[in-house]
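Here's the structure, in structure tokens; my notes come after.
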Amino acid sequence: MMPSDSDTKWAGLTLDQPRVMGILNVTPDSFSDGGSHVGVDNAIAAGLAMAEAGADIVDVGGESTRPGADQVSAETEQARILPVIRALAAADIRISVDTRNASTMRAALGAGATIINDISGLSYDPRSLGVVAEHGCPVVLMHMRGTPATMNGEAVYRDVVTEVRAELANRVDAALAAGIRRDRIAIDPGLGFAKDATHSVAVLRGLGTLADLGYPMLVGLSRKRFIGALSEERRPDQRLGGSLAAGLFAILRGASILRVHDVRETVQAIRVWRALFE
């Protein structure tokens with residue numbers, strides 16, 4: 001199947017080719033890279049390196065969302081990420097902020113972020129819909145049930161693809177009702193969030209059904225647990241090959257943006273993959 005051309009634009013990016021979002025976790029406890037970018041200088045250097053390696057967006061987060069993670073205060077989250085966002089924005093890098101807190105969204109947008117990436121689909125903080133509508137910024141609405149601390153207990157489905165699609169559609173409807181423009185919205189199936197490995201594989205195979213909602217689709221599958229299950233690789237940082245394979249599969253099923261830890265390798269894989277279709 002050839003990659004499809006598209007006139008769609010989102011967040012200033014044309015989506016006639018797959019785009020790459022680099023993951024910049026400024027946290028001590030994220031599931032794969034916790035502690036790797038702790039400290040402002042380390043995080044800034046990592047973000048600059050991602051942009052140099054070809055990331056179209058750098059996604060900056062200050063709260064771990066791994067299963068079972070405890071919530072951190074908005075003040076702690078902001079102290080971690082705002083200096084990093086300011087420095088990367090000064091370098092003319094397109095930045096998304098990975099947060100579910102409305103106050104952090106507002107502060108990050110003020111510091112130079114231009115995209116909101118909310119794992120709760122703007123449902124966790126009742127003020128968040130208004131913040132995004134007020135700023136008119138692009139937003140990623142991700143599917144999740146519960147919170148990172150409770151989501152594993154919410155992974156119960158009769159038909160995971162159908163239910164994820166319906167629940168994402170509900171979040172889109174809420175965003176539209178709040179005044180968020182349709183062309184600002186992207187969706188994310190939330191692989192690994194309130195989904196076990198079997199659920200994540202089923203959702204990945206069913207991405208075409210989610211793409212039919214008509215919104216650009218971001219997929220975050222880098223180093224996820226289901227890749228470990230399929231490859232029998234226990235260590236998240238040793239799942240590069242599986243992440244690349246799953247990422248290319250996701251693109252074929254309608255993903256427009258891949259959210260990844262390994263930017264350089266993903267950009268290279270996409271370039272070669274696309275060239276082979278020419």
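By its C-alpha gyration tensor, with a ≥ b ≥ c as the square roots of the eigenvalues, how is segment 150-192 shaped: rounded for a/c under 1.5, else prolate for a/b larger than b/c, else oblate? Walk me through the numbers on the way to the answer.
On the way: a/c = 2.43, a/b = 2.25, b/c = 1.08.
It comes out prolate by the Cα gyration axes.
Considering every Cα-Cα pair within segment 44-129, what fraction, in whole percent, is farther apart than 17 Å? Walk me through the numbers before you get to the answer.
Details: 1602 of 3655 pairs.
Within segment 44-129, distances greater than 17 Å cover 44 percent of Cα pairs.
Could you grab the relative contact order for segment 18-275? Cα pairs under 8 Å, six or more apart, rounded to a whole percent. Write down the numbers at each step before the final one.
Numbers: 514 pairs, mean separation 48.9, N = 258.
This gives 19 percent for segment 18-275.
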Arg235-Leu276 pseudo-label distance in nm [points 7 Å out on the Cα-to-Cβ vector]: 2.7 nm
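Where does the charge balance sit around Leu207 when Lys and Arg score +1, Asp and Glu -1, over other residues with C-beta under 12 Å from its C-beta?
Numbers: positive: Arg165, Arg205, Arg253; negative: Asp188, Asp212.
Charge balance in the 12 Å sphere: +1.
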In nanometres, what is the gap between the two model label sites at Ala53 and Tyr124, each 7 Å from Cα along Cα-to-Cβ? 2.5 nm
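Can you tell me which of 159-170, 208-219, 52-63 comes out highest on packing, and rank the rest after it, using the mean Cβ neighbours within 10 Å? Spell out each step's value before the answer.
Working: 159-170: 17.1, 208-219: 19.1, 52-63: 22.8.
Packing proxy ranking, top to bottom: 52-63, 208-219, 159-170.
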Assign unit charges at the C-beta atoms only (+1 for Lys and Arg, -1 for Asp and Glu), then state the dipole size of segment 18-275 relative to its Cα centre in Debye, rounded to the nearest 20. 540 debye
Neighbourhood net charge (9 Å Cβ-Cβ; Lys/Arg +1, Asp/Glu -1) for Gly62: -2
At 0.36 nm per residue, and after removing the present C-alpha to C-alpha distance, how many nm does the segment from Ala149 to Phe249 gain when stretched out fully? 33.0 nm
Which of the listed residues, Ala175, Leu252, Trp273, is farthest toward the dipole's positive end in the chain, when Lys, Arg count +1 and Asp, Glu count -1 at the beta-carbon? Leu252
For all pairs of alpha-carbon atoms in segment 18-275, what percent lies in each bin of width 5 Å, listed from the first bin to the last filled one? 1, 7, 14, 19, 21, 19, 13, 5, 1, 0
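Please work out how much length the chain gains when fully extended from Arg205 to Asn42, using 0.36 nm per residue of separation minus the C-alpha to C-alpha distance, in nm with one decimal.
Numbers: separation 163, 0.36 × 163 = 58.68 nm, distance 3.65 nm.
Taking Arg205 through Asn42 to full extension adds about 55.0 nm, to one decimal.
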Taking Lys and Arg as +1 and Asp and Glu as -1, residues besides Leu168 with C-beta under 12 Å from its C-beta add up to -2
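Grab the Cα-Cα distance for Thr198 and Gln17, subtract it from 0.36 nm times how many residues apart they are, and report the gain in nm with one decimal. Mind dumping the intermediate values first?
On the way: separation 181, 0.36 × 181 = 65.16 nm, distance 2.88 nm.
Computed gain between Thr198 and Gln17 is 62.3 nm.
Quick note: the coordinates plus some simple rules give every number you see, no bench work behind them. Everything numeric in this text was worked out from a predicted model, so none of it was measured. Cβ coordinates were reconstructed from backbone atoms using ideal geometry, including for glycine residues, and neighbour counts include every protein chain displayed.
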